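**Q** Take this structure first; my questions come after.
The values are calculated or read from the model by the stated rules, or taken from the named source; none is laboratory data. Remember, it's a predicted structure, so these values are computed and weren't measured experimentally. Note that each Cβ is placed from the backbone with ideal geometry, even for glycine, and that neighbours are counted across all protein chains shown. Quick note on the areas: whole protein, heavy atoms, side chains included, nothing else; ligands and nucleic acids left out. Shrake-Rupley method; radii C 1.70, N 1.55, O 1.52, S 1.80 Å.
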Amino acid sequence: MSLQKARVFENSLVDSGAKGISAEFMQIYRSREVGQSYVTSVWTTLVATAHALWLMIKIRPQVVLCNGPGTCIPLCVIAFIFKVVGIRWSSIFYVESIARVKRLSLSGLLLYKLQIADQFFVQWPQLQRKYPRARYVGCLM
Amino acid sequence: MGEARDGVKVKRVVFVTVGTTCFDALVKVADSQEVKDELYRRGYTDLLIQMGRGSYLPIKSTGDDGSLAVDYFTFSSSIADHLRSASLVISHAGSGSIFETLQLGKPLIVVVNEDLMDNHQSELAEELAERKHLYCARPLTLHQTIAGMDLNSLVPYSPGDATPVAKLINRFLGFPEES
């Protein structure tokens, strides 16, 4: 659904002349499906991480911008590790979901506590008060 | 209330949506006599239920006998069209449904699914209800909410703007500020 909407939006930008080339879309593996057992999750997380590593090396993004699902964690962690060892390809930006008003998501909590994101954005003032290193940007929708 | 000049009844549709979820409790209560009677009393003529992955099937009705006309479907590729033609939307607490409805300026009652574990979705519905952008209810309180709602008291929602985020990111990356 989101993929379809994103494609339509990108094509509309190209059609209106706002940009020259449409964005490229690719799918990445999830570390864990909702309700999946933790035992099998170990394996799927390793697969997702290996896939993320391959993508990071192939694409070498200058910017990683993500918005919340656990799927973004392997990418962010790998980008962060690269930075730590001196391969400074990517700046990492995280925007917490608009549905998170009082508590961060698990992905958000991990990235905030481990200080993995270069900039951490929240959409509600309550979160900014609770997590002072976050930047409040208001509702984006 | 419902009659146009030429005697044709003006349709006022209540659209119930559960998105891609399974939310039988909402579908069931929307289809209950109590809620249907309340909606009819408030001047609505049609009830259209998008039931998603649920297993409870509402009872269709033409409404010819002086009651609410009821219809349902599972999924649609054009939910936006249904939202646009609705006079009242009753939705699950998914942020996509909520903001799509608010951006269309439609009156909205959000029903929180109490069966969900980790119900962080209710935070969004409650916050927006506190700001008077919508009404928030539970399946068991839906008919009371419908009975007591004053749609004129709802505050229109102004769509958000992502430009501040883009500006902050550009500044961090060292791009010159656009004047």
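**Q** Would you work out if chain A is rounded, prolate or oblate? Take a ≥ b ≥ c from the square roots of the eigenvalues of the alpha-carbon gyration tensor; rounded if a/c is under 1.5, else prolate when a/b is larger than b/c, oblate otherwise.
**A** It is rounded, given that a/c, with a ≥ b ≥ c, falls under 1.5.
**Q** Below 8 Å between Cα atoms, with a sequence gap of 6+, how large is the relative contact order for chain B in percent?
**A** 19 percent
**Q** Which value, in Å², gives the accessible area per residue of chain A when a 1.4 Å probe is used on the protein heavy atoms?
**A** 61 Å²
**Q** For A:I21, B:I59, write out the residues from largest to smallest accessible area, computed with a 1.4 angstrom probe and no ligands counted.
**A** A:I21, B:I59
**Q** Still on this structure, I have one more. Over segment B:13-173, with the other protein chains present, what is the accessible area per residue in square angstrom, probe 1.4 angstrom?
**A** 47 Å²
**Q** So, one more: Between A:Y136 and residues 5 or more places away or on another chain, which pairs have amide H atoms under 5 Å apart, with H built 1.01 Å from N, and which residues are they?
**A** So A:Y136 has HN proximity to A:V122.
**Q** So, one more: In segment B:89-124, what GluC sites (Glu not before Pro) fall in a loop by DSSP, with at most 11 other Cβ atoms inside 10 Å?
**A** Of the GluC sites (Glu not before Pro), the ones in loops of segment B:89-124 whose Cβ has at most 11 other Cβ atoms within 10 Å are B:E114.
**Q** What share of Cα pairs, in percent, lie more than 18 angstrom apart in segment A:62-136?
**A** Looking at segment A:62-136, the distances longer than 18 Å represent 32 percent of pairs.
**Q** Could I ask something else about it? Heads up, I need the accessible area for B:S97: 1.4 angstrom probe, whole protein in place, Å², nearest 10.
**A** That residue has around 20 Å² of solvent-accessible surface.
**Q** OK, next. Provide A:F82, B:F172 ordered by accessible surface of protein heavy atoms (probe 1.4 Å), highest first.
**A** Output order, biggest surface exposure first: B:F172, A:F82.
**Q** Another question, then. Normalised by the residues of chain A, what does the relative contact order come to in percent, with Cα pairs under 8 Å and at least six apart?
**A** The normalised contact order for chain A reaches 16 percent.
**Q** In what sequence, largest accessible area first, do A:R100, B:R138 appear using a 1.4 Å probe?
**A** B:R138, A:R100
**Q** Give the accessible area for B:K167 in Å² (nearest 10); use a 1.4 Å probe, count only protein heavy atoms, and leave out ligands, DNA and RNA.
**A** 110 Å²
**Q** Could you tell me, in Å, what Rg and Dmax come out for the Cα atoms of segment B:85-179?
**A** That works out to 17.1, 55 Å for Rg and Dmax.
**Q** Another question, then. In Å², nearest 100, what accessible area do chains B and A bury in total when the solvent probe is 1.4 Å?
**A** 2000 Å²
**Q** What FRET efficiency do you get for B:K11 and A:E24 if R0 is 41 Å and r is their Cβ-Cβ distance, rounded to the nearest 0.05?
**A** Using R0 = 41 Å, I get an efficiency of 0.40.
**Q** If each Cα of chain B is one equal point scatterer, what is log10 of I(q)/I(0) from the Debye formula at q = 0.08, 0.10 Å⁻¹?
**A** -0.29, -0.43
**Q** In addition: Which residues of segment B:152-176 show a drop of at least 10 Å² in accessible area when all protein chains are present, compared with their chain alone (probe radius 1.4 Å, heavy atoms only, ligands and nucleic acids excluded)?
**A** B:Y157, B:G160, B:D161, B:A162, B:P164, B:V165, B:L168, B:I169, B:F172, B:L173
**Q** Check the cysteines of chain A one by one and keep only those with no other cysteine Cβ under 4.7 Å from their own.
**A** Result for chain A is A:C76, A:C139, no neighbouring Cys Cβ within the cutoff.
**Q** Once the whole set of protein chains is in place, how much accessible area is left on A:T49, using a 1.4 Å probe, in Å² to the nearest 10?
**A** Its heavy atoms expose roughly 50 Å² to the probe.
**Q** Next up: On the accessible surface of segment A:23-82, probed at 1.4 Å, how many percent belong to carbon and sulfur atoms?
**A** 66 percent
**Q** What percentage of the solvent-accessible surface of segment B:1-109, computed with a 1.4 Å probe over protein heavy atoms, is contributed by carbon and sulfur atoms?
**A** Ligands and nucleic acids excluded, carbon and sulfur reach 51 percent.
**Q** Ok, one more. Using Cα pairs under 8 angstrom and six or more residues apart, how large is the relative contact order of segment B:45-105, in percent?
**A** Value for segment B:45-105: 28 percent.
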